[in-house]
1. Can you give the net charge of the other residues whose Cβ lies under 12 Å from the Cβ of TRP261, counting K and R as +1 and D and E as -1?
2. Treating the beta-carbon of each Lys and Arg as +1 and of each Asp and Glu as -1, no other charges, what is the dipole magnitude of the chain about its Cα centre, to the nearest 20 debye?
3. Between TRP174 and ALA396, what's the calculated FRET efficiency when r is the beta-carbon distance and R0 is 30 Å? Round to 0.05.
4. Convert 20 °C to kelvin, take the viscosity as 1.002 mPa s, use the Kirkwood radius over C-alpha pairs of the range 223-314 as Rh, and evaluate the Stokes-Einstein diffusion coefficient in µm²/s, rounded to a whole number.
5. Give the calculated FRET efficiency between SER413 and ALA622 to the nearest 0.05, with a Förster radius of 35 Å applied to their Cβ-Cβ distance.
6. Where both partners of a DSSP beta bridge lie in the chain, what percent of those bridges are antiparallel, to the nearest 5?
7. With n ≥ 4 as the cut-off for DSSP H runs, can you work out [θ] at 222 nm for the chain, using -39500 (n - 2.57) per run divided by the number of residues, rounded to the nearest 500?
8. May I ask which residue of LEU285, PHE212, ILE74 lies farthest towards the positive end of the charge dipole of the chain, with charges of +1 (Lys, Arg) and -1 (Asp, Glu) on Cβ and the Cα centre as origin?
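Every read-out reported here was derived from the displayed coordinates using simple, explicitly stated rules and does not represent laboratory data. What you see is a predicted model, and the numbers here were worked out from it, not measured in a lab. Here the Cβ positions follow ideal geometry from the backbone for every residue, glycine too, while neighbour counts run over all protein chains shown.
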Amino acid sequence: MKLQFPFMQLPIQFDADALAREVLALDESCWRARMGGVAGNSALPLITTGGAVESDELGGDMRPTPWLERCPYIMQVMDALGATWGRSRLMRLSGRSHLAAHVDTNYYWQERMRVHVPIVTTPAVRFHCGDSDVNMGAGECWIFDTWRRHGVVNTGDVDRIHLVMDTVGGERFWQQVAEGGRPVGVTDASGRPWNPRFVGYDRQAPAPTLDFESTNVPVVMTPWEVREHVSFLLREAVPDPRLGPIQRALSTFTRHWQAAWACHGEDRAGWPRYRALLQSLHAELVALGVEQIGLRNETGLMNALTACLFEVALADGASGQDEARRDHHGTLAGTDAAPATPRDAAASRAEATFDRPVFIVSPPRSGSTLLFETLASAPGVFTIGDESHGLIEGIAALDPAQRGFDSNRLQASDADEHVAAQLRQRFLAALRDRERHPPAPAPVRMLEKTPKNALRIPLLRKVFPDARFIYLHRDPHQVLGSMLDGWHSGGFRTYPALPGWQGPAWSFLLVPGWRELSGKPVEDIVAAQWARTSQILLDDLDALPGDCRIGLDYDRFVRDPQGETMRLCEWAGFGWDRTLGEELPLSRYTLTPPSADKWRRHAALIEPRLAALQPLVERARAAARH
């Protein structure tokens, strides 16, 4: 929600020690890797769609999870704030980690704010929003402006844990904001003393009755809500001569939408008419140059219109956004629609939209992020902007927790037609090009990179039959050295609560047979990760038709980035319109500046283990020449 100031502290204080005792008593297995797979970032769900612990959806009937019911003080905190609650979680950010700065422009955040109550924190944790930053103290209560660019940095060694609650507010909540909120980023000349009300844990109090969201995503957006979104976004637009015609087009659209609403309301008979209006507006705005119009928060007008209008104004599936509306039973929230089938409109559109998607596959720490970030700047190439851990594992059938944490290996048989349709819809909804524009209704060239995909080629071929694969090879001495650093850093933990695991929190991809590695030294673990991943990956690549794969050696790529990038783009059918320098920038997941000899710090640990894997080492090197 857009606020007048970056941060506001609410006049209420909680007992952080009591909250910490309650939270730390929960089993580590309750924590899950966050959507997007951000390193060092995990969450414990408290309120989700239907109360399902595996759900990360934004829409649907919000209910408490079993974990919230085991946290009576957290329930008292929520009751004291007096709001209607949406998705809420405990969020943990490990030491030496950060959440990248971003702006929340999607529909969900237009009328919701995020409430933070720090439980475990240190002065090393800084929350940035706009031009301001604060250290939120333990037990305090904060809200902030999600419309501004914001992020978090934890430069210390202690894991930060916040209670994070999403809400549209409530009568008592807004009264507290109005009566005593202390804004940060503005000058407070009132002279009022700061005396927050303390709410401790009442062991004798019965469990409070909380209000939860049950209505949150429209089936058909009302004309009044359409008008509100349009007016807000036009006010936020950076002045531009093209805004006049764009404003007139949007005004005409809202009048036509109101006429259709007066005739049909939410009746399905009117859905084709609504969809035609949206498609006509989209085409008109593109022709008027809306994609060149920026907003004051450094995002784009078309991106915001897509997120707040085109993707959510009509729940007919054609926007590719139905996954955000589904409850945990698979039905559309607020409708009586049946679960999607492969012949639904969204699935059919997705099947017709992807054209030869390209997947970069390699063992972890092979340089795939650098390659991905380079190729993602090609014109007409669409990506989800990051790794797809949450996008894939957010589907229950593909969630490792629902599969007994067997491994990240996925076969073609793991994707029935419904799962395949869900995956296509999820990717399609998240794709953006280098200018952050969503794809038009035309064949889309997708680029994807997630290290776990090295174990998923059969499934990816099932979901995307014309998929193509770039095999990235890097000297395994360098890979194992970097993996050792990653395990020791704690910044690449993917399954921090792996059942039965003895050793440091599991990092990187989960290989078949991982239980055999429990209790072993980290150097044995990373050698097994590389070997098992490489064996499966090379076997799967060998099973592909020759024109569906290409090899790339990392050292060759960094020596001649322009030549190798042009070679890959020509093979993939991508365009290329940039000149790369002799030295590429560091990728986002770089721990320390790269050096071909950096691995030698671990030579005594690496060399004897790779010597035992020499045939596989040679096979991997040879595959990069294909």
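1. Neighbour charge sum, excluding TRP261 itself: 0.
2. Its charge dipole is roughly 640 debye.
3. 0.25
4. 160
5. The computed FRET efficiency comes out at 0.70.
6. 75
7. Computed ellipticity for the chain at 222 nm equals -10000 deg cm²/dmol.
8. The one lying farthest along the dipole's positive direction is LEU285.
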